1. Under 18 Å from the 7 Å Cα→Cβ point of A:Glu88, by amide nitrogen: which residues of segment A:106-149?
2. Given a Förster radius of 41 Å and the C-beta distance between B:Ala399 and B:Glu48 as r, what FRET efficiency does 1/(1 + (r/R0)^6) yield to the nearest 0.05?
3. Over the whole of B:246-255, what's the average partner chain Cβ count within 10 Å per residue? Rounded to a whole number, please.
4. Using 0.36 nm per residue of separation minus the Cα-Cα distance, give me the extension gain between B:Ile82 and B:Glu212 in nm, one decimal.
5. Through the Karplus equation 6.51 cos²θ - 1.76 cosθ + 1.60, θ set to phi - 60°, convert the phi angles of segment B:411-421 into ³J(HN,Hα) values in whole Hz; use x for Gly and Pro.
6. Which residue, A:Leu181, A:Leu18, A:Leu26, tops the fluctuation ranking in a GNM of chain A built on C-alpha contacts under 10 Å?
7. Segment B:395-461: D in µm²/s via Stokes-Einstein (Kirkwood Rh, Cα pairs, 25 °C, 0.890 mPa s)?
8. Against the globular-protein guess of 2.2 N^0.38 Å, express the Cα radius of gyration of segment A:37-196 as a ratio, rounded to two decimals.
Amino acid sequence: MSREKILAAVKFNQPAALPLPDMEVLNTLTDVRTDLVSKYKTIATAGGSFVYEVNGFDEIKAIINNEFKPGVKIISALDELSDYIYAETVKHEDGHNFADVELTVLRTQLGVAENGALWLTEKDMGSRVLPFIAQHLAVVIGKDNFVPTMAQAYQVIGAADYGYGAFISGPSKTADIEQSLVIGAHGPRSLSVFILS
Amino acid sequence: MSTTTTKDHPHLAADFNRDEPRVNWHDETLWWVRAKRDIAAHKLPEWELLRETASQIKFNVLSNLSTYLEQFEANATKNGIIVHWAADAAEHNQIVHSLLEQRGITKMVKSKSMLTEECHLNDYLKDQGIDVIDSDLGERIVQLANEPPSHIVLPCIHKKKEEIGDIFHEHLGSAKGESDPKILTETARQHLREVFLTRRAALTGVNFAVAETGEFVICTNEGNADMGAHLAEIHIASMGIEKLIPERKHLGVFLRLLTRSATGQPITTYSSHFSKPQDGSEIHIVIVDNGRSIQLGREEFRNSLKCIRCGACMNTCPVYRKSGGHSYHTAVAGPIGSILAPNLDMKKYADLPFASTLCGSCSNVCPVKIDIHDQLYKWRQVIVKEGYSPKAKTMAMKAMALTLASPALYRMGGKTGRLVFKYAPFAVNNKLNPWYNQREMPKAPDESFGEWYAKRKGAKNS
């Protein structure tokens, strides 16, 4: 059986055990908490995201209503944004049914200032395909939910149990044709981030 | 899809070099990516500490690989993922095929996986009557062009937008002469969306597999891996045994390094962590050896298994930039490919370790500190010792060694050379001399330093 053959060959050929490095230096070195929101905003905007600092859900609703035509299919995972299809009620539907979704709105508790990434688990998404299949994606995050770097992000995630999770840092994009950046490859054509004060 | 070739790197590079403006464009485009990498790296004061940490984690992985593999298997299985083991490319391909066959699936969508390129999976499945569509834009382009990728991160970096426009016009019905990247990308989006929505099987690669949790991570900018995987009933993930990392927190090191090194972005758009299958679907992982355990046993070359496939060594390499990815005639081109390939087939890839100036730039940009240029040098020695070096090169080296070992022969050789340069330049300035390709030979001095010195000394003494 190949399993035993591979494991035996690896065991025979691997060198004497070497220790894991100390991660603490790196973690503390990068733990600079000065104005993470403005750093996040700069990086995320450079990566093609639209970042809005808002005071409440009414502001978010106003922006969405302004950006999207009435009647388009919008799925929201937030109780506070109940004018739309609630993700919880459709999460067991076949993912193919979401092919006509115009906008998915999700909420996260974790954003990373150094790279614009937002952490979303299956639980935040409702259905795994929703943040990908929608033409546009919006994510709501509290202003205190940012960490400086990925080092702290994984400290926050810790040993969390999830079936699926993703860091999403912008709209879907590609530069495969002559290195020209094009927004809107296979996933959402835009990412709007609402930072709640 | 793979072009079988008997030509070696110098000949394939010579083909690429026929079109000088294109070579310059290719060179500049990749150097621009390298420059973006530098900007991203220099923004982090802790960059060197990150590289060192990543390097040490990978050393730890290689030294405990059998334990981590078993741990990963146990945890992934606990999560409901089905784990398969493949000793070589053939077994990998058979496993993938049987998974599809059992379910009566004849069409599959695939996101980027250099391992499947290494295994020539697409060709194999095609022969079995399975239709595979690559969903990464660059890979789809080269697939339609019937070519292999020329770069592990930028698969169609060798193609001009006008050529891509022609390919899309022929295969995807875009307007004739259309070459706007925005419009071509939109054409691909519509075409591939239809593919994602109609495929029951999706195959992806794996960037990192976490032993501690049994999850694996896939990084894309386009979102194509997720679109394929979440809409399919079966998600097959192919990974080499070296993709393991010990703990989830180590992702915090590698995800900071990977994309900054690859394209200069601070992170890819999507870093997707697959831990359990979603309701009603399956995840299968195929863990592939295909020569990696042998490389692990080669003390001087095992560090090559630390590679995280960022492509930085290719973007910086003066030889890669000016010879193109296809000149390496292997799935992974460039400096890293040149130290991985001889392990798989020393005779077939004997030319690759010589496709380098040994300038060391590859080692300097490597995010996991692989001593790439040292390994290139060491492979040369192994290849010559094993008798796989080109005959002409061996003869020339022997003649050179003899000449340098004898002062009389050395003086005679120098004199002859100067005379030939002066009176019979056509003897060296011709097509038979590879050093003359793309070069002007220098003007030879009238006398050697030795002769000048002897004369000067004589004049002083008189």
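1. A:106-109, A:121-128, A:140
2. Efficiency computed from Cβ-Cβ geometry: 0.40.
3. Averaged over the peptide's residues, the number is 6.
4. Working it through step by step, the gained length comes to 45.1 nm.
5. With coefficients 6.51, -1.76 and 1.60, one gets 5, 5, x, x, 4, 4, x, 5, 5, 5, 4 Hz.
6. A:Leu18
7. 178
8. 1.00
Here, each number is a calculation from the coordinates, and none is a lab measurement. A quick note: this is a predicted structure, and the numbers were derived from the prediction, not measured. A quick note on method: Cβ atoms are made from the backbone with ideal geometry, for glycine too, and the neighbour counts reach across all protein chains shown.
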